[in-house]
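Bear in mind these aren't lab numbers, they're just calculated from the coordinates by the rules spelled out. Worth saying up front: this structure is predicted, and the values here are computed from it rather than measured. Cβ: placed from backbone, ideal geometry, glycine included. Neighbour counts: every protein chain shown.
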Amino acid sequence: MRPISSLLATHGDFWDPAQVIPILTLIETIKPSTLPADLTYHTAIRQLTNTMKAIWLDCDPGHDDATAIMLAVHCSNVSLLGVSTVHGNASHYNIQLNAARCLEAFGADPSIKVYPGAVKPLIRPVRYDSEIHGGDGLGGVEGLPSPDDPRICERLNHPGGPVRAIEAIAKAIKESWKDGSGERVVVISSGPMTNIALFVSVYPELLGGVEEFVFMGGAVGLGNRSAVAEFNILCDPEAAQIVLDAPVKKIMIPLNVTHTAIFTKAHHSSLLNSEIIQDIAESTSELLKASSPLRHMLSTLLGFFASTYKSTFGFHLGPPIHDALTVAYVSQPELFRCTRYRVDVELNGTHTSGETVVDIWNYRETDDTWGNTGKNTLVAETLDVDGFFKLFMECVTRDIIVDAPPNYKDY
Ligand SMILES: [Ca+2]
């Protein structure tokens, strides 16, 4: 880990001065001997202001997972403790490399590591989605660090040997929660929920340390990888049901909402060059050249995603960037309107396996708990789309300010 002095020197110029200056003042009043040598900038802010939300991200990158990672690294009020990976959009080998490459490309602190998790669902055969994400999970993306880059290996290496996803999640929650005297952690899932189900099953004593589970998955009355099932839930419906039954608050970001977060051509033009005026962007037929390597990388990422969403699902206006909404919810929950329902997963349906059954008419008798007898889930129903893309572009801008990896290819 980098010491706080180096982090402040690197990043202090783009964090909000109103937030940074009081923190610097506070830090200066603390005797250096009381500061842990490995105290990171985010941890210091969280400890001193109590404004940061500690998050863990479990994902299967995946183009939209990559955008979730960007938000997790750059939303100014969240502190990313670690990233775990799960089977899903591509083979687990590719998924874990992609997570590490994204963290590096987005300038995440080197202390943020990747922890490999389940390579297959609990019961069902593994499935990938190369039609949408390409063979390696991040098809068409230019400018990511190479998989054999030493910094990528460093993200995946852990002192003392391999550490698996559920062990890493448990350790992070233990260290943050401190048996109730510390902070709870928000656990985010943007892939199949196998790792989260295993964590719930193996470490029930740590559920008190989970602030909430926020997951992208499911839908109310529609699907994308069957008539009624969304990909993440369809991959491992049993895991999803285990998580839904856990006595922890859940927030579900369903397709009904993610399909409103369309990355349009106007957004793409803004991404390529923040100075561009929107009406000029809309009047040009060609996308302009990116103004930085990171903008180019994101442009190729979202361009590929746009092309597969157009060819597979007929999304002509742009792709829905599903997974980024999970982190956006944690950072700015006011962007969403949610209603609490009982949600279960269809595990045995002939035509409906993997469907999320959202009891909008309250047929099932429930209590006030978040577990298997309760109204267990806050379901997102609307999104402030403009507010979300404002947050997204703010994160892109912060990303540009972080030093770009030195071995970026020319673009
Ligand atoms: Ca995903």
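Summary of values
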read-out: Order of E154, E212 under a 10 Å beta carbon neighbour criterion, fewest first; value: E154, E212
read-out: Relative contact order of the range 83-156, defined on C-alpha pairs under 8 angstrom at six or more residues apart (%); value: 43 percent
read-out: Likely footprinting exposure, W361, W56, fewest C-beta neighbours within 10 Å first; value: W361, W56
read-out: Cα radius of gyration and Dmax for the range 31-408 (Å); value: 19.8, 65
read-out: Cα-centred dipole magnitude for the range 31-408, charges only on beta-carbon of K, R (+1) and D, E (-1), debye, nearest 20; value: 400 debye
read-out: Ranked list, fewest to most other Cβ atoms within 10 Å of each Cβ, for V248, V141; value: V248, V141
read-out: Highest-first arrangement of 198-206, 165-173, 331-339, 365-373, where packing means the average Cβ count within 10 Å; value: 165-173, 198-206, 331-339, 365-373
read-out: Cα centroid of the range 216-238 to Cα centroid of the range 119-151, whole Å; value: 20 Å
read-out: Relative contact order for the range 166-223, counting Cα pairs under 8 Å that sit 6 or more residues apart, in percent; value: 42 percent
